[in-house]
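Heads up, the thing below is written out as structure tokens.
Since every read-out is calculated from the coordinates, none of them should be taken as a lab result. Just so it is clear, the structure is predicted and the values come from calculations on it, not from any experiment. Methodologically, a virtual Cβ is constructed for each residue, glycine included, from the backbone with ideal geometry; neighbour enumeration extends over all protein chains shown.
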Amino acid sequence: MRGAGVAHRRSLRRQLLVGILLPVLAIVSINTVSLYRQALRAADTAYDRTLLASAKSIGEQLQVADSGDRAQLRATVPYSALEAFEADNRSRIFYKVTGFAGEMVSGFDDLPPWRGSVPTKGPYAALVDFYDDRYRDEPVRVAVLLQPVAGTAGQGMATIQVAETLELRRTLARQILVDTLWRQFALVVVIAGVVVWVVQRVTLPVRRLSAQLATRSEGDLAPIGAPDAPRELLPLVDATNQVMSRLQRLLENQKRFVRDASHQLRTPLAVLKTQVQSARRGDLPPDQAMAEIATTVERATTLANQMLALAKVEQAQAQGPFVPLPLADAVSQVALDLSPLIAAKGLDFELQAEPVQVRGHDWMLRELTRNLLANAVRETPAGGRLLVWVGTEQATPVLRISDSGPGLRPEVAERLFEPFHTGHPTEGSGLGLAICRSICDALGAELRLSNREPTGLDAEVKFRP
């Protein structure tokens, strides 16, 4: 089914060939018709000149004779007047000479009379008109010459009609059409060959790129190298490399999550198994054994939740563009959720929140605040002061959490943001600050931890304006 779907997709090469050749064929067809018509006009002009020459030859032999009360026109048709048409057996010539009063003088009496008019600006220096007619059920081309004739007996205007059948003209027209079509066909073949060669050459980088991707292994997500790709393909190559980079990061995060989960969860599960076996043997009093088991389960649950949160950061970032959100609302909600921990230690807690908008994801803002505030609650001694401030500094949104704990030791500060590193070996999972760093990187924010004199720690997040 997949192969059939690919087969029915439109081919880029086919679209290029059709898009180029169809207009070329249309232009060549129009040009063929135009050339054919021009050739016919040229042939008509040549043969019309011959008709005119025959009419003039007849007209030159006209004479005016005295016939009593009126002048009479006499015509002597010389052999030379019809000689040009005798060379070709396919054409026949007819003529008719009409006198001053329209009387028949010589020629074919049944030749239809001329009823037209002489053009005011003709191509010849003569009173001549050309037209198409039918004679004896055959199409003919007729030349009409108005010939002035003068003599001692009188003068007047004679009408000379010379008609030619169209066999020779049609034969010439067919020959012109065949010659034109052959030339245009050869031109189309040459153009088609050039277009096919150019299209094949232009699409060669696309086929190379396709072959390069097809031969890759399933796990190869390295950037595509296409140094010979045309400029129009570079956006596609760049976008593909970006997608592959994101897939690479997702794959690395998945591998890291599986590796960390298998390593970090093995220890609390082994401890939990040992505690359960010890409780079954009765090594400890039941209450103490259950308390230890509950503590281990709680730490394992916290570890699993934080590992899932760390893996969810990339997923939340890929859900779509960030939208403006009220930072104060997220911080207030987290502070309300952690209020039992704050109350259990009797902390002097204060929240100062201004209405500030930051671009992000709701879960990211809450998870960032939760981890920072939970660390501050854990580090602040019982009855100590804990301040959470939300506002702006130089148009930059800021979240600052200030505790009154012991602060950071220099040898610990450098590795606090690494996963599973904590300043208290017996407390926490070491993932809280790693989660915060990942979220800040996703949001484009800056996270800093700094000691405060005489005691205490400030956790400050500066968001992108």
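Observations, loosely collected:
- Once the Cα-Cα distance is subtracted from the 0.36 nm per residue extended length, the THR396 to ARG13 segment shows a gain of 132.6 nm.
- The Cα-based radius of gyration and maximum Cα-Cα distance (Dmax) for segment 105-255 are 38.2, 124 Å.
- Annotation note: GluC sites (Glu not before Pro) in segment 155-219 located in DSSP loop regions with a Cβ neighbour count of at most 11 within 10 Å are GLU218.
- Largest to smallest principal axis extent of the C-alpha atoms in segment 172-291, angstrom: 122, 27, 20
- Backbone amide hydrogens, once placed in the peptide plane, bring GLY360 within less than 5 Å of VAL323, LEU325, excluding anything fewer than 5 places away on its chain.
- Segment 132-167 and segment 335-367 have Cα centres lying 113 Å from one another.
- For a paramagnetic label modelled on GLN212 (point 7 Å from Cα along Cα→Cβ), amide N atoms under 19 Å away belong, within segment 237-254, to 237-248.
- PHE349 long-range amide H proximity, modeled H, under 5 Å: LEU386
- Length available on full extension from VAL202 to ALA222: 0.36 nm per residue minus the Cα-Cα distance, which gives 4.7 nm.
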